[in-house]
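One structure is given here, and the rest of the page talks about it.
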Amino acid sequence: MQKQTRPLSECIADYVSAVSAGDFARAYRGILSALMKFKSAWETVHPEDTVGALYQGYMDMSFVAVLPAALADRRLKISLVFLHETGLFTLWLTAGNRAIQKRVSDALKHVPLGKYSLCTLEPGVDAIIALDLPKPYRFDEPEQLTKDLLQAAEVFLSDMTALVGSITQENA
């Protein structure tokens, strides 16, 4: 995933130049702010759920994970992820560990997934199911962006709860 074609010193010089221009830092703050507003909104609307801290990442991805009460007994979470390289928000169904991820993924292979598809399990892949949210995102309208992200996450959670509910506990 990491591209190491240029010397690190050149990369850092470009980074410093982009940050000093001002737009880079403003954009990064805007992404993190959108995730924090989502986190706060989810905690307000769904106080029964456990919401993790903001993971800022290394400009590969930044995310907020939610352990919904509806999925807690199976140790499954949903995450709102921002992929920096593509500029996409995506929703992931994730698991508490790799063993659970594999068990649930294997069990879901036998379930009609509708508009969803399973992610290929390989090193570095944390999602069992991923859904890219369509652009454009309303970063200049933070309240609307939060509302859009919250609504998409709630629909995704409902769908994931139904899918996971269709597999037996011993298979997942």
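Some observations on this one:
- Inverse of mean 1/r across different Cα pairs in the chain, Kirkwood, Å: 17.4 Å
- Nonpolar atom fraction for the chain, defined as the carbon and sulfur part of the 1.4 Å probe accessible area, stands at 55 percent.
- Cα pair distances in region 57-114, grouped into 10 Å bins until the bin that holds the longest one, percent each: 22, 42, 32, 4
- Residue pairs exceeding 25 angstrom between C-alpha atoms, taken from LYS77/LYS115; LYS39/LYS77; LYS109/LYS135; LYS102/LYS147; LYS37/LYS109; LYS37/LYS77: LYS109/LYS135; LYS102/LYS147; LYS37/LYS109.
- Listed residues TRP92, TRP42 arranged by accessible area, highest first, probe 1.4 Å: TRP92, TRP42
- Taken per residue, the accessible surface of region 59-110 reaches 41 Å², heavy atoms only and a 1.4 Å probe.
- Cα gyration tensor category, rounded, prolate or oblate, for region 1-102 with a/c compared to 1.5: oblate
- Percent of C-alpha pairs per 5 Å bin in region 73-162, short distances first: 3, 13, 24, 25, 17, 11, 6, 2, 0.
The values are calculated or read from the model by the stated rules, or taken from the named source; none is laboratory data. Note that this is a predicted model, so its numbers are computed, not measured. Each accessible area value is taken on the protein alone, full model and side chains, heavy atoms only, with ligands, DNA and RNA left out. Shrake-Rupley method; radii C 1.70, N 1.55, O 1.52, S 1.80 Å.
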